[in-house]
Amino acid sequence: MKKKINKKRLLELINNFKSSTILTIGDIIADEYIYGSTSRVSREAPVLILKIDSEHIFLGGGGNALNNLGSLGCNVIPISVIGNDHFGKVILENIRKLGIPTDGIFVEKDRITTRKTRILAGSYHTTRQQVIRIDREPGNMIKNTTEEKIEKFLEANLKKARALMVSDYGLGLVTPRLIEKINKIASVNNGVIITVDSRFKLAQFKNVFAVTPNEPEASLCSGIDIRDEDEKSLTEAGKKIMKMINPSAVLITRGRKGMTLFKNSGKIVSIPIFGSDEIADVTGAGDTVISTFTLALVSGGTLEEAMNLANYAGAIVVMKRGTATVTKKELKEILNA
């Protein structure tokens with residue numbers, strides 16, 4: 001029998017969001033969107049000519065995760081590294097506009113700021129469609145001196161936070177040394193909830209409170225191919241990750257198939273996607289999930305309650321185009337509907 005969701009309880013958790021402080025460590029990306037119109041073919045090559053109408057830069061990657069936390073009303077202390085370039089400066093400016101401190105965001109002189117440029121094109125009076133994405137990445141790990149600064153900042157600010165949230169996009173910020181530091185904090189069990197979303201290095205984390213991989217990340221971490229519509233392979237992967245990392249929970253996000261929560265008690269809970277499965281854009285959905293999940297936990301929610309709130313938040317954000325966030329107001333509206 002399907003357990004009924006206590007929406008009143010979830011609304012109480014949302015009201016507690018404002019009293020929480022969360023430390024974030026994540027690769028902040030400049031998500032650049034260029035919108036244009038096409039009306040003719042170039043004489044130089046068989047390609048369309050794009051006339052640019054507008055350009056926008058949003059906080060992407062770990063930046064979207066901290067943006068989600070801010071929009072949900074909690075206090076955020078971000079840790080990251082950017083380059084000393086135009087896009088690094090834009091990132092700092094955007095974060096400051098949110099009222100979030102930037103003293104934990106370190107600048108490396110010779111590093112380029114990660115930028116993902118999405119070109120969206122269409123004819124006049126039509127919906128713009130993404131035609132290409134151009135990525136610019138640093139290609140190297142952060143410097144040892146920067147690692148030392150991050151460790152000192154982390155130690156100095158850890159007592160201020162209820163949780164440490166890691167958004168590792170594999171862009172050089174989360175080094176083996178930093179993972180070792182995070183694992184050490186997790187092993188001390190000092191009351192800080194540590195949640196991790198790591199694209200390539202999930203298996204290196206140990207004893208953290210929860211990890212939130214999507215299906216491809218769970219497959220990579222476990223070495224088990226999670227086949228579509230195959231619950232057995234999903235269960236095997238979730239259980240193996242639980243043994244490898246020893247967290248309290250593994251939350252696997254499954255796109256249109258919803259989410260599955262594995263608890264260290266052995267209990268497994270699956271929930272379907274909320275709302276329509278006609279997804280508009282998955283950009284940043286994982287950031288929204290880990291942000292809401294973490295915030296719900298530090299606000300006093302159980303693992304199941306945190307999963308349900310994250311599911312509602314994910315349902316809201318995938319219906320928005322581009323790098324998007326969810327607000328407390330939107331969460332309350334969907335729960336009161």
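The values are calculated or read from the model by the stated rules, or taken from the named source; none is laboratory data. Quantities reported herein were computed from a predicted structural model and do not represent experimental measurements. So basically every Cβ, Gly included, is an ideal-geometry build from the backbone, and we count neighbours across all protein chains shown.
Say we look at the range 187-216 and pick out the residues that are part of a strand (DSSP E or B) and either at pLDDT below 95 or not hydroxyl-bearing (Ser, Thr, Tyr) (or both); which of these is farthest from the chain's Cα centre (by Cα)? Full working, then the answer.
Of the range 187-216, the ones part of a strand (DSSP E or B) are 193-198, 210-211, 214.
Those left that are additionally either at pLDDT below 95 or not hydroxyl-bearing (Ser, Thr, Tyr) (or both): 193-194, 196-197, 210-211, 214.
On the way: 193: 16, 194: 14, 196: 9, 197: 7, 210: 14, 211: 12, 214: 11 Å.
Filtering the range 187-216 for residues that are part of a strand (DSSP E or B) and either at pLDDT below 95 or not hydroxyl-bearing (Ser, Thr, Tyr) (or both), the one farthest from the chain's Cα centre (by Cα) comes out as 193.
For residue 292, all conditions in the list (1) over 15 Å from the mean Cα position of the chain (by Cα); (2) among the hydroxyl-bearing types (Ser, Thr, Tyr); (3) not in a loop (DSSP other than H, G, I, E, B) hold save one; what is the number of the exception?
Only one criterion in (1) over 15 Å from the mean Cα position of the chain (by Cα); (2) among the hydroxyl-bearing types (Ser, Thr, Tyr); (3) not in a loop (DSSP other than H, G, I, E, B) is unmet by residue 292, namely (1).
Please determine whether any residue of the range 140-151 is of a type outside the set (S, T, N, Q) and over 29 Å from residue 183 (Cβ atoms).
Looking only at the range 140-151, we keep the residues that are of a type outside the set (S, T, N, Q), and these are 141-143, 147-151.
Pick out the ones that are also over 29 Å from residue 183 (Cβ atoms) and you get none.
No: zero hits.
Looking at the structure I just gave you, is residue 134 closer than 20 Å to residue 24 by Cα and in contact with a Ser or Thr (Cβ under 9 Å, 6 or more places away or on another chain)? Break it down into steps so the answer makes sense when it comes.
On the way: closer than 20 Å to residue 24 by Cα: no; in contact with a Ser or Thr (Cβ under 9 Å, 6 or more places away or on another chain): yes.
No.
Which one of the conditions (1) surrounded by fewer than 16 Cβ atoms within 10 Å (Cβ to Cβ); (2) in contact (Cβ under 8 Å) with a residue 12 or more places away in the chain; (3) over 30 Å from residue 327 (Cα atoms) does residue 242 fail to meet, given that it meets all the rest?
(1)
Return the residue satisfying two criteria in turn: it lies in the range 226-264 and is basic (Lys, Arg) and not in a loop (DSSP other than H, G, I, E, B), and of such residues it is farthest from residue 292 (Cα to Cα). It would help to see each step written out before you state the result.
Our first condition is that a residue be basic (Lys, Arg); within the range 226-264, this holds for 227, 232, 239-240, 243, 254, 256-257, 263.
Within this subset, residues satisfying the condition of being not in a loop (DSSP other than H, G, I, E, B) are 232, 239-240, 243, 256-257, 263.
On the way: 232: 28, 239: 23, 240: 25, 243: 25, 256: 18, 257: 19, 263: 18 Å.
The qualifying residue farthest from residue 292 (Cα to Cα) is 232.
I'd like to check something: does the range 250-263 contain any residue that is surrounded by fewer than 16 Cβ atoms within 10 Å (Cβ to Cβ) and over 30 Å from residue 129 (Cα atoms)?
The answer is no; no qualifying residue exists.
In the range 166-184, what residues are under 14 Å from residue 146 (Cα atoms) and either among the polar types (S, T, N, Q) or modelled with pLDDT under 95 (or both)?
Within the range 166-184, 175 is the sole residue that qualifies.
Which condition from (1) under 26 Å from residue 152 (Cβ atoms); (2) at pLDDT 95 or above; (3) among the hydrophobic types (A, V, I, L, M, F, W, C) is the one that residue 221 breaks?
(1)
Let's see how each residue does on (1) farther than 25 Å from residue 314 by Cβ; (2) part of a strand (DSSP E or B):
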{"residue": "55", "(1), (2)": "yes, yes"}
{"residue": "65", "(1), (2)": "no, no"}
{"residue": "76", "(1), (2)": "no, yes"}
{"residue": "87", "(1), (2)": "yes, no"}
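Run down 237, 313 and say which single residue is surrounded by 23 or more Cβ atoms within 10 Å (Cβ to Cβ), small (Gly, Ala, Ser) and more than 28 Å from residue 29 (Cα to Cα).
Values: 313 fails: more than 28 Å from residue 29 (Cα to Cα).
Exactly one of 237, 313 is surrounded by 23 or more Cβ atoms within 10 Å (Cβ to Cβ), small (Gly, Ala, Ser) and more than 28 Å from residue 29 (Cα to Cα), namely 237.
Taking the conditions exactly as written (within 26 Å of residue 33 (Cα to Cα) and assigned to a helix (DSSP H, G or I)), does residue 322 satisfy them or not?
The answer is no for residue 322.
Working only within the range 125-168, note down all residues that are surrounded by 19 or more Cβ atoms within 10 Å (Cβ to Cβ) and within 20 Å of residue 75 (Cα to Cα).
Listed by number, the residues that qualify are 150, 154, 161, 162, 163, 164, 165, 166, 167.
Among all residue pairs at least 6 apart or on different chains, which show Cβ distances below 7 Å where the first residue, located in the range 135-156, is closer than 13 Å to residue 108 by Cα and the second is of a type outside the set (Gly, Ala, Ser) and part of a loop (DSSP other than H, G, I, E, B)?
Qualifying pairs under 7 Å: 138/111; 138/112; 138/114; 138/171; 141/175; 142/173; 142/175; 147/175.
Please state which one of 293, 274 is within 29 Å of residue 29 (Cα to Cα), buried (at least 21 other Cβ atoms within 10 Å of the Cβ) and aromatic (Phe, Trp, Tyr). Can you show your working first?
Values: 274 fails: buried (at least 21 other Cβ atoms within 10 Å of the Cβ).
On inspection, the qualifying residue turns out to be 293.
So, of the residues in the range 38-53 that are basic (Lys, Arg) and in a strand (DSSP E or B), which turns out to be nearest to residue 169 (Cα to Cα)?
We begin by selecting, within the range 38-53, every residue basic (Lys, Arg); these are 40, 43, 51.
In the following step, the residues that additionally are in a strand (DSSP E or B) were identified as 40, 51.
On the way: 40: 38, 51: 32 Å.
Only one residue fits best here, namely 51.
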